[in-house]
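Report on one structure; see the data block that follows.
The values are calculated or read from the model by the stated rules, or taken from the named source; none is laboratory data. Please read all numbers here as calculations on a predicted model, not as lab measurements. Note that we place each Cβ from the backbone using ideal geometry, even for glycine, and neighbour counts take in every protein chain shown.
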Amino acid sequence: MQLIDSHCHLNLSAFNDDIGAAVERAHAAGVEKMIVIGTNMADSIRAIELAHQYPSVYATIGIHPHDSKNADEAGYGRFKALAADSKVVAYGEIGLDFFRDHSPKPVQRREFARQLNLAGELSLPVVIHDRDAHREVYDIIRSEEGYRNGGVIHCFSADYEWAKRFVDLGFVISLPGTITFPKSYVQREVAEKLSLDDLLIETDAPFLTPVPYRGKRNEPAYVKYVAEAIAKLRKLDPEEVAKVTSANSARVFNL
């Protein structure tokens, strides 16, 4: 299979001891490209460093909703400079997380809107984190006129009706390894019903490890299990799912 892992965190400490080996295992599994996601300034810089170290790796930059309470003017100025790097392909992971509430909700909303508009200014697609905040994420996207470059709703956990709403706004839906879990009924409906042209696949490594490695550290090589799960649901060849979702990733991220 020819695969793209549209969302992973090789820049986290979980990969400090074997980053090179993890990249090689991904290549051996058919993963041709990996998008390493920035969640704060340090992670964004590390993502860019890895992107220059490994030709198959690309980077995003931005502030995760958990860290939005730490956002400031100086940081946004630096993100603008980082965006000029040739291997930066998107702005994010940004959005709302009302499950953990590591940052106050009003702060999350403010910084999400601000970063949507910054992404528009930089002509970058966005990678959006949406946890227990589907309506709020949708409403903020619709309200921010400065942003219309589309992007990805990452690790999608809402139902098919919400998936269609986000697709109608110009976004694609990314499905992670949790689709292999026995009780992932809602994600399976999305995987079955949504047009394959509107789907990406991801690992979110080192998190959300798919079956058969659930309980262990996740890594980009395991994105093939996401492709296989979607293929089984749609009664397709896994290679077809890999081909189409990779083409979708290449289109969204301008690879």
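Quick notes
- Leading residue by the ranking (farthest from the chain's Cα centre (by Cα)) among those in region 123-132 that are over 16 Å from S44 (Cα atoms) and not hydroxyl-bearing (S, T, Y): D132
- Among (1) surrounded by fewer than 23 Cβ atoms within 10 Å (Cβ to Cβ); (2) out of contact with any helix residue (DSSP H, G or I) (no Cβ under 9 Å at 6 or more places or on another chain); (3) closer than 22 Å to S246 by Cα, the one test that K87 misses: (2)
- The conditions of being touching a Gly at 6+ places or on another chain (Cβ under 6 Å) and under 16 Å from P125 (Cβ atoms) are not met by G151.
- Annotation note: of A227, A221, the sole residue that is closer than 16 Å to A22 by Cα and over 14 Å from the mean Cα position of the chain (by Cα) is A221.
- Taking region 160-194 as the range and being surrounded by fewer than 19 Cβ atoms within 10 Å (Cβ to Cβ) and of a type in the set (S, T, Y) as the test, the residues that pass are Y160, S184, Y185.
- Residues that are within 17 Å of P55 (Cβ to Cβ), in contact (Cβ under 8 Å) with a residue 12 or more places away in the chain and among the hydrophobic types (A, V, I, L, M, F, W, C), drawn from region 1-28: L3, I4, C8, L10, I19, A22, V23, A26, A28
- The numbered conditions (1) under 14 Å from I4 (Cβ atoms); (2) in contact (Cβ under 8 Å) with a residue 24 or more places away in the chain are all true for L208 except (1).
- Qualifying residue in region 194-210 (condition: under 21 Å from A28 (Cβ atoms) and out of contact with any helix residue (DSSP H, G or I) (no Cβ under 8 Å at 6 or more places or on another chain)): no
- Taking each residue of region 211-233 that is among the basic types (K, R) and looking for partners that are in a loop (DSSP other than H, G, I, E, B) with beta-carbon atoms closer than 7 Å, six or more apart or interchain, yields K216/T209; R217/P206; R217/T209; K224/M1; K224/A29; K224/G30.
- For region 66-122, a residue qualifies if it is of a type in the set (F, W, Y) and either within 21 Å of R148 (Cβ to Cβ) or modelled with pLDDT of 95 or more (or both), and the qualifying residues are Y76, F79, Y91, F112.
- In region 45-80, residue surrounded by the most Cβ atoms within 10 Å (Cβ to Cβ) [restricted to those that are in contact with a Leu (Cβ under 6 Å, 6 or more places away or on another chain) and under 18 Å from F112 (Cα atoms)]: I61
- Elements of type helices (runs of 4 or more DSSP H) contained in region 105-193, each with 1 or more residues being among the hydroxyl-bearing types (S, T, Y): 134-143, 160-168, 185-193
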